[in-house]
Each structure stands twice: as structure tokens, then as C-alpha cells.
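Starting off with a structure, shown below.
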Amino acid sequence: MPIHSAPTDWILETEHTAYALGVNNAGMLTHRYWGARLPRIVDYPRPQDSDGWASFNGPGEVLPHEFPTYAGSSYVEPCLKVTHADGVRDTVLEFAGANAKGDTLVVRLEDETYSVRVTLHYRVIEHLDLLERWVTVENAGAAPVTLERIWSAQWHVPSHADYRLSHLHGRWFEETQLERERLGRGVKVLESRRLTTSHQHNPWFALDRAQEPATEETGEVWYGVLAWSGNWKIAAEVTAFGSTRASIGVNDWDSAIRLEPGTSFTTPPSIAGYSAQGFGQASRNLHGLIRSRLPHGDATRRVLYNSWEATFFDVDAKSQLEIARIAADLGVELFVMDDGWFHNRNSDHAGLGDWFPDAKKFPDGLEPLIQGVRDLGMDFGLWLEPEMVNPDSDLYRAHPDWVIHFPTRARTEMRNQLILNLARTDVQDHLIGVIDDLLAKHDISFIKWDMNRNISEPGWLEHPEPRELWVRYVEGLYRVWGTLRERHPKVIWQSCSGGGGRADLGILKYADQIWTSDNTQALTRLKIQEGFSQVFPAMTMEAWTTDQDAAYVPLQFKLHVAMAGSFGIGANLHHWDEAQRAEAKAQVALYKRLRHVIHGGELYRLRSAFEHAFSAFTYVLPDRKEAVVFAFRTHIPEPVALPRLKLRGLEPDALYRVDGVQEPMSGAALMVVGLEVALKDFGSAVIHLERVEEPEPG
Ligand code: DGJ
């Protein structure tokens, strides 16, 4: 039973963790505990009481409110701020009941004066030590109210400790850079104001103790994400009373939601967990959840070829088939034609919005190419950028009012394009119609859904609350994508936004994989991919080998870096000589033999690429029968003796046959003594380990 429920007290237990909340004597819903699971229910702290501390600090500031609102004398970050119909701007919630059923707890709160009802939802994901929280606000009154802020959760960690905050920052071409910093008093804000999740920050946080820092495999870590593909905010706050919490939700910056009488708004979920085994276990738990919820879950990720960096906008059936032939020979299973195939698309100046084949490039439509690719034994995939329009397009000429804009301002173009307002149902319906038609007419197994600019002039002035744009746009995007997925369930979708600009758990309800970065230089990728792996599993991490790298980076190194994810090639294969093609062919074959471990295995990061020129990680199957080790050496001045790699996750008593090692080794030896890996500068290794049965004695 994951939920222990008393009338005003609740304890949510997972396999190794517990989370407790309850109503205190003053009727305040307080947070009680989040950490290791304890043996007895009575062990968990009771809800605290306090009248405040001084005339400057009321109880709302001293006690950990489970879901603080903007009200009374509380100055901490609230999760809810409402402007009521009469202009009153605070919300005083009282406990109104609760209901626990199976893995879900629902706590109902009601404003003491106004007809605003708030429901807190908690789902216990027992085997992954995770909790999922979301909130519904309902306007049960007779007049509209405005939600100025509505966040999904405030996650409290134990008080009176110094914390470090880990987060992922970056920019285009350099996403998911891992940063750890001490969290001082005050509020540290991470957010997106760009309409998408953003390259700049990812909606993930991890807190560990600054005095007893966690490592990859040891120490306490509290972590969480927001499953949302639009503007978001994380406010990590340390109060004057040493209470630390991370609030997370859709961004309230420039945003508001008008709730008409009888309507409600439900937030996206925040998923969080506590790990007593460091950052590694935190990642593995998130990976487990994501894998279990992906649209195509365990389906084998096909080796992909993408023609973008080979042919750019210069595509036609002949050029694509020429390159497809070489790709097929290397063992590629899915051929994707990128940008440039549709009406009038010869550069990034025109065409977006007109999703039908360009008559000059494809006089007989897409069929001859698709058939040609199929005849080569590969599936066919196509690039789209549905949310965008070039002013030079038939769509824009017909519907200039469909783009996001302020009527009195110039429409700022970025990459010569504007953003269709997906908050509008007519725009959504148009996109559903056009893409549905394309998928119905052609045998397309994969769509790369791209999005190549951030927002400007965020107008939607015809709407009663124009600031709803930020939220309704994302809901519209989900509706379009969700409808298409329902109608074409076999299609695999990739989420791309100029690389990793839309990487989050919200989009992974629709997409199976994410284009991690436009930067495919293997040396930079080692860090980008390690940052990405904090949250996302390898099967979602699309990685290609291209021609972007410096000449001194060997092809094998580049291939190995890309093989650590959902592997693809994006190089101009015409430029590869026989030896390079043979190398690629061998590595594609190796990847196909090992991908069930790479994608189905648990990730253990052994040596960080952010810290070491000799970096490594391993994937281990849950039954511990197989593992794959990836090791990379960049430049280290000689003389140098590389340390042995102490592996993780193996069965200590089992024997493993290790690629390149003559005698089988015990799991204990591999984990305690370590595995010797000899690498020269820019050398790499992919090493397979397989459990062998010990011979019967005698
Ligand atoms: C940005 C993507 O990240 C690239 O891979 C490519 O698809 C281009 N857009 C095409 O315009």
C-alpha cells in the first residue's frame, strides 16, 4: 500500500522513499517529510505548528506550506496567485477533504471566501521512487477569475542544511551543460521565456548537500522535472529560516489564465524523487519512467541516415537516392530527407507553411523517392517544421493574421520566419489536415518535427486574455501532435528545435526521440550528451556522426560517441572513402548487436567528460547479464597511465566475458579492481561484457 491515509495526514511511500504531508492544528496544509523510507509510520515527523516568529515573520514564512498561495503575511514564493472578480488578489485556502485510492492521493482545498477550488494530485510511482504532482484550479463562482500564477508543486527538502543546486544550461549548439552551484539565501530562478523549453535551461533540478556532496553513486539527492514544452520556471529558494524548496511550474512571466465560471485549469505534472545513491540513481529512475511512457516504448531504434548536412536545401529524388544507396550499404535502416523538399524551398527565405513537394525538385511527387528508399530495404522519414511560416509562402499570403504578432509592431523575423499561433483552433485544424493528408498519402515511418526560432511580439489580442497565449500555444501543439499520433500510430516522431531546444518530458508523450543538438562535434557532444543523460535515457538521445569535427578526431571516435544514443549518420557519404565506409559499416554492425543493452540498460556514469579527458560510462541490462562500456580519451599529455575503470551495476559473484580480455573476470573484480582500457589520444572503446556460466565443479 503506497499511501497511508489518516483523515488529515498522509504518507506516500515508494520502494525506498517516503513523502509526508498533513494539516496542522491551525488548519494549514504543511509539508512533513521527504527522504528515505522509515520502518514505522509513526517515525515520520508530525505537522509542525507555529504562530510565527516575530511581527515580521508570520507562520506562512516559518512553516513549510505544502502549496503556498499569495495570501496573508507570507512572503515566500507562492504556487498560486489569483485575482478574484472583485479585484481582491489573495487566496486563503482551507482544507476541504481528501481521498486516497490505489497509487493516487487527492487533497481538496477551498478558498474561505471565494468559490475557487484547488485540487492537489499526487501519484506514487513506487518501483521508481518517484512522485508525480499536478494541480487543478476550478472557478466555481459566477464571475471570471484570473490565475496570475499557477505552479505544479513546491518541493521541500529537509531544513537547516546547505544545498547545492545542479542544473542544465546552454545555448544553441551547446545544450545541456551541467552546472553545480551552492544555493545561498534568496531565490535562484531558472526559466524559459522563449515559448519552447529552450536551449538555455532545461526544466530539471537536483539538490544535494553542499557539506556532504553526493557523487554519481553515493549521497542524498532530491531532484525533479516539469513535463511541459513551453515557458516554465523553477524557483529554488532558501528562506531566512533555512528552509529550502524548489517550486516548479509553467512560467508566470507575462502569463495569465482567465477562468470563466465553471471552468478549470490543470497544470502539467512535476515529477520528483529522492535518491540515497547519488546522481546516478536519480537519472536511472527518471530514465525508467521516461522509457515506460514513450509512445513506442521498447521498439528498436533504427539506425538513421539524415541528409541535411550532405545536401542542405539542394534535394531531389536523384541526389537523395544516390546517397541513400551508400547509406543502405553501411547498414542504415531509416533514411530521412531533411529540409528543402517542399514548395519553393531553395533556401531559408521561402516555403515554410506550404507542405507539398516542390514541383521542380520532385516533378512526380515524393513517391519515386520513397519507393526507391524502400527498395533499398530502408524506411523513409521526412522533415517538417509545422509551427512556422515564411512570409514568402502561399500560406502566409492567405493568412497573414495566423502568425503571433502585435498589430502595431513590426513582425520580427528570425531565420526569415514567423510563428503560427497554435493557440488558435483554426490554425491547429489546418495543420492537422495538411500533415494527416501527407501521412495518409505516403508510406512515411518517421517525422522530424523541427522548430527553428524563439518568440517575439507575443500578441493574441483578439483573445479575452491575450497572456494565455503561452499556455494555450503549448496545449494547441499537443493537440495537433496528439491527433496526428492517434491517426498514424506507427509513425515515430522526433522532437527537434534547432537541436535540443525542445527536450522535456511533456514532448516525450508524442515524440520518441529528441535531436540532442545541432552540434555533432564528438568532443563537444561528450559533454552535451552527458548533460542530457541527467534526465533522458539513451534511446531518446538522437546522435549522429557527421563531418563537423576537426580532422584529428578519428572516425571511430565520432562513431562511438554517436553510438551511445539513438545512432545515426549525417555526413556527406560521397566524401567518405572506402576505408571510412568499411569502418562505419563495422561500427553500424556492432551497434546493432549492442543496442538492446544501450537502450534497455541502466546508465552508470563512470568518469565525467565535464571533469576528465578520459571519460567513460556503461549501460548494464537490468538482469545484469550484459553490459556495454564506452570509454573516450581526448588529449592528455604523455606520459600518462590511465586509471582502471571501476565498473558499476554488475553482479559481484558472476563471471563476465569481456571483449578483448582473455579470461573471464568476476563482477567484483571489474567493480573493485577495475578494467584496464588502453587508449591513445582521441582513442575510444566500446566494450561488451557478457555473463558466462561458471563450469560445474569437478
Ligand atoms: C535545424 C535542425 O536542427 C537541423 O538538423 C536541420 O533539420 C535544419 N534545422 C533544417 O533547416
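The values are calculated or read from the model by the stated rules, or taken from the named source; none is laboratory data. This one's a predicted model, so the numbers in the text were calculated from it and none came from an experiment. In this analysis, Cβ positions are derived from the backbone assuming ideal geometry, glycine residues included, and neighbour counts consider all displayed protein chains.
Do you know which of the residues in the range 613-632 that are among the charged types (D, E, K, R) and not in a strand (DSSP E or B) is surrounded by the fewest Cβ atoms within 10 Å (Cβ to Cβ)? Steps first, please.
Here is the first cut: in the range 613-632, the residues among the charged types (D, E, K, R) are 623-626.
Remaining after also requiring not in a strand (DSSP E or B): 623-625.
Values: Asp623: 9, Arg624: 18, Lys625: 16.
Among those residues, the one meeting the criterion is Asp623.
Sort out for me the strands (runs of 3 or more DSSP E) sitting completely within the range 269-375 that have 3 or more residues that are over 21 Å from Pro386 (Cα atoms) and more than 16 Å from the ligand (Cβ to nearest atom).
Values: elements: 270-275, 304-306, 334-337.
Where strands (runs of 3 or more DSSP E) fall fully within the range 269-375 and carry at least 3 residues being over 21 Å from Pro386 (Cα atoms) and more than 16 Å from the ligand (Cβ to nearest atom), they are 270-275.
For every residue, the table says whether it meets (1) in contact with a Phe, Trp or Tyr (Cβ under 6 Å, 6 or more places away or on another chain); (2) surrounded by 21 or more Cβ atoms within 10 Å (Cβ to Cβ); (3) within 21 Å of Val471 (Cα to Cα); (4) at pLDDT 95 or above.
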position: Val389; (1), (2), (3), (4): yes, yes, yes, yes
position: Ser393; (1), (2), (3), (4): no, yes, no, yes
position: Asp426; (1), (2), (3), (4): no, no, yes, yes
position: Ile432; (1), (2), (3), (4): no, no, yes, yes
position: Lys441; (1), (2), (3), (4): no, no, no, yes
position: Ile447; (1), (2), (3), (4): yes, yes, no, yes
position: Ile455; (1), (2), (3), (4): no, no, yes, yes
position: Gly459; (1), (2), (3), (4): yes, no, yes, yes
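How many residues does the range 400-414 contain that are under 33 Å from the mean Cα position of the chain (by Cα), surrounded by fewer than 22 Cβ atoms within 10 Å (Cβ to Cβ) and in a loop (DSSP other than H, G, I, E, B)?
Residues meeting the conditions: 5.
Looking only at residues in the range 1-60 that are in a strand (DSSP E or B) and small (Gly, Ala, Ser), which one is farthest from Val92 (Cα to Cα)? Walk me through it before giving the result.
Taking the range 1-60 as the starting set, the residues that turn out to be in a strand (DSSP E or B) are 3-6, 9-13, 17-23, 29-36, 54, 57.
Imposing the further condition that a residue be small (Gly, Ala, Ser) reduces the set to 5-6, 18, 20, 22, 35-36, 54.
Numbers: Ser5: 24, Ala6: 23, Ala18: 28, Ala20: 22, Gly22: 17, Gly35: 29, Ala36: 32, Ala54: 21 Å.
Checked the range 1-60; the qualifying residue farthest from Val92 (Cα to Cα) is Ala36.
Any idea which residue in the range 86-108 is nearest to Ile11 (Cα to Cα), counting only those that are part of a strand (DSSP E or B) and small (Gly, Ala, Ser)?
Among residues in the range 86-108 that are part of a strand (DSSP E or B) and small (Gly, Ala, Ser), the one nearest to Ile11 (Cα to Cα) is Ala100.
If we keep just the residues of the range 532-577 that are in a strand (DSSP E or B) and hydrophobic (A, V, I, L, M, F, W, C), which is nearest to Ala310 (Cα to Cα)?
So the first thing to find is which residues in the range 532-577 are in a strand (DSSP E or B), and the list is 541-545, 566-569.
Keeping just the survivors that are hydrophobic (A, V, I, L, M, F, W, C) gives 541, 543-544, 567, 569.
On the way: Met541: 21, Ala543: 16, Trp544: 13, Phe567: 17, Ile569: 10 Å.
Of everything passing the filter in the range 532-577, Ile569 is nearest to Ala310 (Cα to Cα).
Quick check on my filter: what residues within the range 19-32 are without any contact (Cβ under 8 Å) to a residue 40 or more places away in the chain and either within 17 Å of Ile3 (Cβ to Cβ) or polar (S, T, N, Q) (or both)?
To start, the set of residues in the range 19-32 that are without any contact (Cβ under 8 Å) to a residue 40 or more places away in the chain comprises 20, 22, 24-26, 28, 30, 32.
Of everything in the range 19-32, those that are without any contact (Cβ under 8 Å) to a residue 40 or more places away in the chain and either within 17 Å of Ile3 (Cβ to Cβ) or polar (S, T, N, Q) (or both) turn out to be Ala20, Gly22, Asn24, Asn25, Thr30, Arg32.
Look through the range 496-510, keep the residues that are closer than 13 Å to Trp228 by Cβ and buried (at least 21 other Cβ atoms within 10 Å of the Cβ), and return whichever of them is nearest to the ligand (Cβ to nearest atom).
Here the residue is Arg502.
Would you check if Ala240 is of a type in the set (A, V, I, L, M), touching a Gly at 6+ places or on another chain (Cβ under 6 Å) and assigned to a loop (DSSP other than H, G, I, E, B)? Don't jump to the end; show me each part of the working.
Values: of a type in the set (A, V, I, L, M): yes; touching a Gly at 6+ places or on another chain (Cβ under 6 Å): no; assigned to a loop (DSSP other than H, G, I, E, B): yes.
So Ala240 does not fit the description; no.
For the range 44-51, does any single residue satisfy the condition of being over 20 Å from Ser159 (Cβ atoms) and surrounded by fewer than 18 Cβ atoms within 10 Å (Cβ to Cβ)?
As a first pass, look at the range 44-51 and keep what is over 20 Å from Ser159 (Cβ atoms): none.
No, the range 44-51 contains no residue that is over 20 Å from Ser159 (Cβ atoms) and surrounded by fewer than 18 Cβ atoms within 10 Å (Cβ to Cβ).
Quick check on the range 219-237. Is at least one of its residues β-branched (Val, Ile, Thr) and more than 30 Å from Val62 (Cα to Cα)?
no
May I pose another question? If a residue must be loosely packed, with under 15 Cβ neighbours inside 10 Å and either aromatic (Phe, Trp, Tyr) or over 19 Å from the mean Cα position of the chain (by Cα) (or both), how many such residues does the range 265-298 contain?
Filtering the range 265-298 for residues loosely packed, with under 15 Cβ neighbours inside 10 Å gives 266, 292-293, 297-298.
Then keep just the ones that are either aromatic (Phe, Trp, Tyr) or over 19 Å from the mean Cα position of the chain (by Cα) (or both); that gives 266.
Looking only at that region, the number is 1.
Go through (1) of a type in the set (Ser, Thr, Tyr); (2) away from the ligand (no atom under 16 Å from the Cβ); (3) within 23 Å of Thr520 (Cα to Cα) and name the single condition Ser666 misses.
Ser666 satisfies every listed condition except (3).
Further question: Please tell me if Arg657 is at pLDDT 95 or above, touching an Asp or Glu at 6+ places or on another chain (Cβ under 8 Å) and of a type outside the set (A, V, I, L, M). So that I can check it myself, show each step before the final result.
Working: at pLDDT 95 or above: yes; touching an Asp or Glu at 6+ places or on another chain (Cβ under 8 Å): yes; of a type outside the set (A, V, I, L, M): yes.
Taking the combined requirement at face value, the residue satisfies it.
Further question on the same structure: Has the range 562-573 got any residue that is among the hydrophobic types (A, V, I, L, M, F, W, C) and free of Cβ contacts under 8 Å to residues at least 40 places away in the same chain? It would help to see each step written out before you state the result.
So in the range 562-573, the residues among the hydrophobic types (A, V, I, L, M, F, W, C) come out as 562-564, 567, 569, 571, 573.
So of that shortlist, the ones also free of Cβ contacts under 8 Å to residues at least 40 places away in the same chain come out as none.
Looking through the range 562-573, none of the residues is among the hydrophobic types (A, V, I, L, M, F, W, C) and free of Cβ contacts under 8 Å to residues at least 40 places away in the same chain.
Pairs please, first residue from the range 643-664 and on the phi > 0 side of the Ramachandran plot, second anywhere and surrounded by 15 or more Cβ atoms within 10 Å (Cβ to Cβ) and in a loop (DSSP other than H, G, I, E, B), Cβ atoms under 8 Å, 6+ apart in sequence or on different chains.
Between residues of the range 643-664 that are on the phi > 0 side of the Ramachandran plot and residues that are surrounded by 15 or more Cβ atoms within 10 Å (Cβ to Cβ) and in a loop (DSSP other than H, G, I, E, B), the close pairs are Gly649/Arg624.
When you go through Thr524, Thr540, Thr546 one by one, which is the residue that is in contact (Cβ under 8 Å) with a residue 60 or more places away in the chain and closer than 25 Å to Ala272 by Cα? Outline the logic, then answer.
Numbers: Thr524 fails: closer than 25 Å to Ala272 by Cα; Thr546 fails: closer than 25 Å to Ala272 by Cα.
Matching residue, one of Thr524, Thr540, Thr546: Thr540.
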